[in-house]
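Okay, so here's the structure we're looking at.
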Amino acid sequence: MLKEKEGKYNRMLSIRDLPLTGKRVLIRVDLNVPLNEEGIADDSRLRAIVPTVQYARSQGGRVILMSHLGRPEGRYEPHLSLRPCAAHLSTLLGIPVSLAPDCCGPITQEIVAALKPGEVLLLENLRFHLGEEEPEREPTFAPQLAALGDLYIQEAFGAMHRAHASITEITHFFPGKAAIGFLVEREIAYLDEVLHTPRRPLHALLGGAKVSTKFKVIQTLLAKADVVLIGGAMAHTFFLAQGIPMGDSLVENRFMESARALLEMPVARDKLLLPVDLVVTNAAHEIRTISIEEGVPIGYRSVDIGPRTIKYYGEVLQSAATLFWNGPLGLFETPPFNRGTEAIAHLIARLPHATTIVGGGDSLAAVHQAGVADRFTHLSTGGGASLEYIEQGHLPGLDALSH
Ligand code: ADP
Ligand code: MG
């Protein structure tokens, strides 16, 4: 699909294009999973790579998986070991998955050399080495990783916006032997649909905490989409820019001027929708609904979209043929301030014919919390990567595969 649509990625290979039999298939995956006291809090990213791993095994490949986890910043941190991921992958794949004690070095090389066709090895956290995030400071790191594989597969969609050793540098060592896996192919295909060939009308629903991190995405989507609906704390800065008091709500004063300029653009007047009411709360935990004309009273902060906004957005969304959603519409982690997000999630889940795509760590958590995850067309495993792809139209990890 990619090949036909995007001229830029014409020469990008798919895992299907490479003969895997007997080869050491080095696969960059994204196992940067959320952890809690009991271990892996959400295994979506592990499940997402299973088809590619099973395919490589079925072709007789010797599978070597590599990933980062958290931010150990070049040091060994026992609590950021990928051991729990190896154990859980064993369960998902139905075969033992061993963990190499390091992602490079002589011991790892020996373990890799002993790997048989169909077997799966997981390398220890790439970020235990400084060279992963800062390839220029440890130039020998990428070649060491590259030496472990005959072929390279990019399957770490959630990390493809990072120019790290295992994402970009490493591809230089695999001319004609680097390809994307099934997950990356699917992620890009859905985002390409949003960007280039959406069934219209295309609706974008954007929420979350900060307007600053998503300002460019709002601009891009205003150009591409037919309607852009804003919710969450990012709406506050837009209100402030219109002179509406926001009380103690989360706002970004620095972005007020940009927000004002954006609101004055004709395209924003045509397409940008803001909430018409908000749920607010104060230090005494009193909860009120206010209309936007009133503004947020002193001592109160806005924590959710109000019932009139839920109804209004609900009606607007009915006409969507394609919907891209990123960012919760309120403080969804703290019920009852999940009401707006949950109501809208249910409503989207019931849209009969729309292609619905949701991305973002917190957005996915919200959709799972609402119990409607399986009713969406596509749940993106990469929040930052999906936003950057929409914003810029390309990703470092894709560019590295298509020179
Ligand atoms: P994602 O991870 O899906 O990209 P973000 O990280 O941008 O989403 O934003 C999610 C965060 O935004 C959540 O922690 C949520 O509580 C917060 N948020 C949304 N609306 C509000 C609000 N009105 N006030 C405070 N925080 C909010
Ligand atoms: Mg987030």
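The values are calculated or read from the model by the stated rules, or taken from the named source; none is laboratory data. Fair warning: this is a prediction, and the values are worked out from it, not measured in the lab. Cβ: placed from backbone, ideal geometry, glycine included. Neighbour counts: every protein chain shown. Side chains are part of the model used for accessible areas, which takes the heavy atoms of the whole protein and leaves out ligands, DNA and RNA. Shrake-Rupley method; radii C 1.70, N 1.55, O 1.52, S 1.80 Å.
Among all positions in segment 281-294, there is at least one residue which is touching a helix residue (DSSP H, G or I) at 6+ places or on another chain (Cβ under 8 Å), open to solvent by 60 Å² or more (accessible area, probe 1.4 Å) and farther than 17 Å from residue 230 by Cα. Of all the criteria given as (1) away from ligand 2 (no atom under 16 Å from the Cβ); (2) farther than 13 Å from residue 215 by Cα; (3) open to solvent by less than 50 Å² (accessible area, probe 1.4 Å), the one not satisfied by residue 259 is (2).
For (1) within 16 Å of ligand 2 (Cβ to nearest atom); (2) at pLDDT below 95, each residue gets a yes or a no:
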residue: 210; (1), (2): yes, yes
residue: 213; (1), (2): yes, yes
residue: 231; (1), (2): yes, no
residue: 235; (1), (2): no, no
residue: 241; (1), (2): no, no
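Of the residues examined, residue 72 is one that is within 20 Å of residue 102 (Cα to Cα), surrounded by 15 or more Cβ atoms within 10 Å (Cβ to Cβ) and not basic (Lys, Arg).
Applying the condition of being part of a helix (DSSP H, G or I) and hydrophobic (A, V, I, L, M, F, W, C) to segment 221-237 and asking which residue is farthest from residue 302 (Cα to Cα) yields 223.
Of all the listed residues (70, 94), the sole one being closer than 21 Å to residue 381 by Cα and without any contact (Cβ under 8 Å) to a residue 60 or more places away in the chain is 70. Looking only at segment 184-208, filter to residues that are within 20 Å of residue 312 (Cβ to Cβ) and more than 15 Å from ligand 1 (Cβ to nearest atom); which one of those is most open to solvent (accessible area, probe 1.4 Å)? This residue is 201. Listed here are the helices (runs of 4 or more DSSP H) enclosed by segment 1-95 that have at least 1 residues being at pLDDT below 95 and not hydrophobic (A, V, I, L, M, F, W, C): 2-5, 44-58.
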